[in-house]
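Peer 1: Here it is: the structure, laid out below.
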Amino acid sequence: MHTKSAGWTGGRVASVIVGALLALLALTLVGAGGTAVYYASQDDGYIDLGTSRYEHRTDTYAMATEAWRADKQMGGLYDDLRVTFEPDKGADQVFIGLAGAEELRRYLDGVEYVTIHDSSDKGDTQSTHKGAAPRTLPGTAENLWSAQADGKGVQTLNWPVKPGEVGLVAMNADGSRGVAGHVTVAAKIGVLSGTGIALLVVGVLVLVGSLLMIVRPIRRARGRA
């Protein structure tokens, strides 16, 4: 009659080692999945892209971003962008608008404004474009903006991401010079919640399997079934 022997065999040692490695992988998957689900459940699923801590300021008539392709950022995972402009003076009437890069260049042609290239705690790296006041107030520029917001104090625009180069501009609603405040850009990743749940499920399954690979050899090494 065949009986299972107690003690540590090579196979049992290997099973425990592989099980421990799989347990580490499972915990990583569970952690990543939990983080994704958490962020997907906060602030309607929008994730701050780390822009809010920098203040922007110019004595010109507008602040603009470089052109970028939101549909290509982060592998095309962005579904929506939310841009908030909080002016230094809460009573100011301000405007923020997002438009196609070429359309925005045409609107700003001949306007004195700055293009912000990069931001840090020490200030912006920017280029100044010489010109005069805008010929058309931003809020009255028909068929220009893909998304816009204007009014007193903090303003927020939402834009469903579409293909193509775009640019963002912040101005005073009356077209006057001197713009200052904080711009916060947040993105919604539509697959974040589903991906997080999938990672959690896979992580739990791998964790259960890894625990079996660890527990069974230990029990048999001790002479237990």
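Each reported figure results from applying straightforward, stated rules to the coordinates on display, with no laboratory input. If you're wondering where the values come from, they're calculated on a predicted model, not measured in any experiment. Because the Cβ atoms are built from the backbone with ideal geometry, glycine has one as well, and the counts that use them run over all protein chains shown.
Peer 1: Quick one: Kirkwood hydrodynamic radius for the range 1-134, alpha-carbon pairs, angstrom, one decimal?
Peer 2: On the way: mean 1/r = 0.0493 Å⁻¹.
By the Kirkwood definition, the hydrodynamic radius is 20.3 Å.
Peer 1: In the chain, what is the volume of the convex hull around the alpha carbon atoms, normalised per residue and reported in Å³? Walk me through the numbers on the way to the answer.
Peer 2: Values: hull volume 36.6 nm³, N = 225.
Convex hull of Cα atoms, per residue: 162 Å³.
Peer 1: Further question: Show me, bin by bin at 5 Å from 0, the whole-percent P(r) of the range 168-225 based on Cα pairs.
Peer 2: Values per bin, smallest distances first: 4, 12, 11, 9, 8, 7, 7, 7, 7, 6, 5, 4, 4, 4, 3, 2, 1.
Peer 1: Under a point spin-label approximation (7 Å from Cα along Cα-to-Cβ), what is the S193-R106 distance to one decimal in nm?
Peer 2: Placing both labels 7 Å beyond Cα along the Cβ direction yields 3.9 nm.
Peer 1: Translational D (Stokes-Einstein, µm²/s) of the range 88-137 at 4 °C and 1.567 mPa s when Rh comes from the Kirkwood sum over C-alpha pairs? Display every interim value, and only then the final one.
Peer 2: Details: Rh = 12.9 Å.
Diffusion coefficient, whole number: 101 µm²/s.
Peer 1: Under the Kirkwood approximation for Rh and a Cα-based Rg, what ratio Rg/Rh is obtained for the range 70-192? Don't jump to the answer; show the numbers that get you there.
Peer 2: On the way: Rg = 14.5 Å, Rh = 15.2 Å.
When Rh is taken as the Kirkwood radius, the ratio is 0.95.
Peer 1: Would you give the gap between the C-alpha center of the range 106-171 and the C-alpha center of the range 12-37, rounded to a whole Å?
Peer 2: Their Cα centres are 47 Å away from one another.
Peer 1: I would also like to ask the following. Let me have the 222 nm mean residue ellipticity of the chain computed from DSSP H runs of 4+ only, each contributing -39500 (n - 2.57), with the sum over all residues rounded to the nearest 500.
Peer 2: Values: 3 runs with 70 residues, N = 225.
The helix-only estimate for the chain comes to -11000 deg cm²/dmol at 222 nm.
Peer 1: Still on this structure, I have one more. For K122, list the lysines whose Cα falls under 23 Å from its own Cα; do not include residues on the same chain fewer than 8 positions away.
Peer 2: K89
Peer 1: Now a separate question. Give me D for the range 134-203 in µm² s⁻¹, whole number, from Stokes-Einstein with Rh from the Kirkwood sum over alpha-carbon pairs, 37 °C and 0.692 mPa s. Can you show the working numbers first?
Peer 2: On the way: Rh = 15.4 Å.
The diffusion coefficient I find is 213 µm²/s.
Peer 1: While we're on this one: Reachable aspartates and glutamates from K188, Cα under 14 Å, same-chain residues fewer than 8 places away excluded?
Peer 2: D43, D44, D48, D71, D79, D80
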